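The values are calculated or read from the model by the stated rules, or taken from the named source; none is laboratory data. Please read these numbers as outputs of a predicted model, since none were measured by experiment. Cβ sites come from the backbone with ideal geometry, for glycine too, and all protein chains shown count toward neighbours.
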């Protein structure tokens with residue numbers, strides 16, 4: 001059952017590539033489809049970097065949902081992963097392909113809950129006829145399999161972090177595309193209710209998936225060997241900060257920005273030190289190395305400034321909204337003495353600075369004004 005009606009227009013080009021892939025877990029071979037990515041342009045990134053707009057380069061492709069085709073699924077063993085790395089899922093992770101395979105096979109034979117959850121999620125998966133309900137199940141299946149590999153959960157957690165974030169993105173996509181009275185919504189609610197009885201800490205909402213992604217990425221900050229440079233680390237810290245902002249956790253986001261700023265400043269100081277070395281110094285850096293360092297430092301500053309600007313804008317918007325709300329409350333307290341007005345606003349949770357803006361302290365009369373009176 002599709003969440004959205006299929007586009008009836010015939011595209012001038014075939015947007016799919018057919019591909020035969022071997023499952024890295026069970027070794028079975030199956031046919032899959034992948035989207036020709038060059039036909040679609042992802043634009044207007046949200047705070048957590050989810051593309052909010054997809055522009056197509058050919059007519060007839062407007063109704064294609066990229067998320068429906070982003071994951072490949074093995075019908076034999078239920079393994080699910082991003083189509084780009086389906087045959088080599090841990091290519092850039094700190095775990096061998098053999099260990100990855102063994103951990104998932106162990107779970108398949110020994111973990112009763114894993115088998116039950118996988119059975120529920122793989123039911124009625126049909127890659128040739130995708131829809132919102134199936135795509136949600138595929139996102140959950142992909143994350144479920146990654147969670148069976150301790151090294152990916154407890155140390156090099158970039159992969160589960162990425163898939164948890166993509167799950168959060170898809171929950172938002174469902175919210176944007178599905179009307180509340182769509183039958184698919186009822187099916188999703190029933191599915192998540194069933195899974196919660198089996199899957200501890202199920203990421204069953206956008207917020208829960210965001211929290212899980214932030215936790216995995218935070219683990220990767222110190223546990224991932226894939227973070228090889230200061231630029232990689234700054235990028236990861238600011239990615240976590242963006243997720244925290246999306247969650248409304250501005251204090252945590254500012255701490256992450258502070259850590260990123262310290263890294264950038266140390267990196268820039270080292271770049272300047274190396275730039276000042278005389279040409280006859282032992283092992284001086286080349287012009288190319290210094291150029292790369294300068295570009296990396298600029299990139300760090302640019303990413304940091306972007307995130308700080310987002311925080312400033314959201315804080316300003318939130319304060320304007322809070323001031324308006326406090327003003328509405330104050331309009332109903334006009335006949336109440338100043339101190340009681342102030343206590344009332346503070347007791348309702350309005351911040352001190354907001355109260356001072358909408359209810360400034362009355363000016364005390366000067367001595368000469370008392371005599372004039």
How many residues are crowded, with 18+ Cβ neighbours inside 10 Å and in contact with a strand residue (DSSP E or B) (Cβ under 6 Å, 6 or more places away or on another chain) when one looks only at region 41-82? 5
Flagged in region 23-32 as surrounded by 13 or more Cβ atoms within 10 Å (Cβ to Cβ) and in contact with a strand residue (DSSP E or B) (Cβ under 6 Å, 6 or more places away or on another chain), in numbering order, are 32
Selection from region 148-167 of residues that are over 17 Å from the mean Cα position of the chain (by Cα), free of Cβ contacts under 8 Å to residues at least 60 places away in the same chain and either surrounded by fewer than 22 Cβ atoms within 10 Å (Cβ to Cβ) or on the phi > 0 side of the Ramachandran plot (or both): 148, 150, 151
Counting only strands (runs of 3 or more DSSP E) entirely within region 16-68, those with at least 2 residues that are in contact (Cβ under 8 Å) with a residue 24 or more places away in the chain and farther than 19 Å from residue 177 by Cα are 16-22, 29-35
Filter region 290-318 for residues that are farther than 16 Å from residue 241 by Cα and modelled with pLDDT under 95; which is surrounded by the most Cβ atoms within 10 Å (Cβ to Cβ)? 318
Identify, by number, the condition in (1) within 27 Å of residue 218 (Cα to Cα); (2) out of contact with any strand residue (DSSP E or B) (no Cβ under 7 Å at 6 or more places or on another chain) that residue 141 doesn't meet. (2)
So for region 267-284 (the condition being modelled with pLDDT of 95 or more and within 25 Å of the chain's Cα centre (by Cα)), does at least one residue qualify? no
Return the residues of region 243-267 that are farther than 26 Å from residue 172 by Cα and crowded, with 18+ Cβ neighbours inside 10 Å; say none if nothing qualifies. 260, 264, 267
Checking residue 129 against (1) within 29 Å of residue 17 (Cβ to Cβ); (2) modelled with pLDDT under 95; (3) surrounded by fewer than 17 Cβ atoms within 10 Å (Cβ to Cβ); (4) under 26 Å from the mean Cα position of the chain (by Cα), the condition it does not meet: (4)
Would you check which residues across region 199-217 are assigned to a helix (DSSP H, G or I) and either within 24 Å of residue 118 (Cβ to Cβ) or in contact with a helix residue (DSSP H, G or I) (Cβ under 6 Å, 6 or more places away or on another chain) (or both) and list them? 206, 208, 209, 210, 211, 212, 213, 214, 215, 216, 217
Residue tally, condition over 30 Å from residue 253 (Cβ atoms) and either touching a helix residue (DSSP H, G or I) at 6+ places or on another chain (Cβ under 9 Å) or part of a helix (DSSP H, G or I) (or both), over region 311-345: 12
Going residue by residue through region 246-260, is there one that turns out to be part of a loop (DSSP other than H, G, I, E, B), in contact with a helix residue (DSSP H, G or I) (Cβ under 8 Å, 6 or more places away or on another chain) and closer than 21 Å to residue 236 by Cβ? yes
Please verify whether region 351-358 includes one or more residues that are closer than 30 Å to residue 230 by Cα, touching a helix residue (DSSP H, G or I) at 6+ places or on another chain (Cβ under 9 Å), surrounded by 10 or more Cβ atoms within 10 Å (Cβ to Cβ) and at pLDDT 85 or above. no
Given the conditions (1) closer than 30 Å to residue 239 by Cα; (2) free of Cβ contacts under 8 Å to residues at least 60 places away in the same chain, and given that residue 355 satisfies all but one, which numbered condition is not satisfied? (1)
